[in-house]
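The values are calculated or read from the model by the stated rules, or taken from the named source; none is laboratory data. Source: prediction; values computed, not measured. As a convention, Cβ positions derive from the backbone with ideal geometry for all residues, glycine included, and neighbour counts pool all protein chains shown. Keep in mind that these areas ignore ligands, DNA and RNA; they rest on the heavy atoms of the full protein, side chains included. Shrake-Rupley method; radii C 1.70, N 1.55, O 1.52, S 1.80 Å.
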Amino acid sequence: MMSIDLNYKNVLKEIPEHVTLVAVSKTKPVEDIQALYDLGQRDFGENKVQEMCEKAEVLPKDIRWHMIGHVQENKIKYMADFVYLIHGIDKAKRLKEVQKQAKKNNRIIEVLLQIHIAEEDTKFGMDIHEARQTLASGQVEAYPNVKIVGLMGMATFTNNKEQIKREFHQLNALFQELKNDFPQLQHLSMGMSGDFDIAIAEGSNMVRVGSAIFGARNYG
Ligand SMILES: *Cc1c(COP(=O)(O)O)cnc(C)c1O
């Protein structure tokens, strides 16, 4: 417990006021989340819907739950009544199911478009063209219960800091450009334990940090 406190304080020191820290608690027990909550942390990220639902059930209701994992359409219904922000909308067509479930729950669900910036093909996300089209097309009006509020991206898994910097730089440039036309875009979610410092320097205002706070995971 002590080390989580210390890790958290060390991470917080690196994060400026205007940047939201999402503490990524996937695979970690609710006791660890509660410990951070007691220190004032309210934004938590999970990548599995079921795990997030189970944790949300037993933890304080004012936690803002971020779904940062790949979005499976058939699972959206389970989180639709409480999820705070869905980071990983990697295809425009997924918005249809978010709309359906948000409407059922009489809420507006905020989402980020996930942009593919890494070299690896294994990472999900739309390309720049698809993101622009999604925002410009009628989807925004067609889906009144969905609000696209920003972009999310993951850099290539590499030790090459120049490459990571370049990828984040590119995503921020796209974000700034789209923001001109679509002022509802506010969040730029980029940066994880290994690269959040680079991400912040390149314009991120939302970082998703797991292992630097909670320690290494057994998997993933
Ligand atoms: C697991 C995960 C993180 C956090 O990773 P760390 O390296 O532990 O900080 C951030 N973003 C996504 C999408 C993740 O799946």
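Quick notes on this one:
- Amide H within-cut-off set for Glu119, under 5 Å, with H built and near neighbours excluded: Thr156
- Using the empirical formula 2.2 N^0.38 Å as the baseline, the Cα radius of gyration of segment 18-160 reaches a ratio of 1.07.
- Three-way shape call for segment 1-69 based on the alpha-carbon gyration tensor, with the a/c threshold at 1.5: prolate
- Gln72 paired with Gln184, simple spin-label distance in nm, labels 7 Å along Cα-to-beta-carbon: 2.8
- Amide H contacts of Val24: Gly45, Val209, Gly210, each under 5 Å away and 5 or more positions distant or on a separate chain (H built 1.01 Å from N in the peptide plane; Pro and chain starts excluded).
- Centre-to-centre, using Cα atoms only, segment 79-150 and segment 1-34 are separated by 26 Å.
- Cα-based reach from Lys123 at 15 Å (exclusive), listing aspartates and glutamates while leaving out same-chain residues under 8 positions away: Asp90, Glu167
- Amide H contacts of Lys147 (H built 1.01 Å from N, in plane; Pro and chain starts excluded): Ile109, Glu110, Val111 sit under 5 Å, all sequence-distant by 5 or more or on other chains.
- Accessible surface of segment 20-67 [probe 1.4 Å, protein heavy atoms]: carbon and sulfur percent: 47
- Restricting segment 147-180 to chymotrypsin sites (Phe, Trp or Tyr not before Pro) in coil, as DSSP defines it, with at most 16 other Cβ within 10 Å: Phe157
- For the chain, the per residue solvent-accessible surface stands at 49 Å², with DNA, RNA and ligands left out and a 1.4 Å probe.
- Summary: within the chain, the longest segment free of GluC sites (Glu not before Pro) located in DSSP loops with at most 15 other C-beta atoms within 10 Å is 18-118.
- Under the combined filter of DSSP loop state and at most 15 neighbouring Cβ atoms within 10 Å, segment 113-220 retains these trypsin sites (Lys or Arg not before Pro): Arg217.
- Expected-Rg normalisation [2.2 N^0.38 Å, Cα atoms] applied to segment 126-177: 1.40
- MRE, 222 nm, helices only [DSSP H, n ≥ 4, -39500 (n - 2.57), over the chain, to nearest 500]: -11500 deg cm²/dmol
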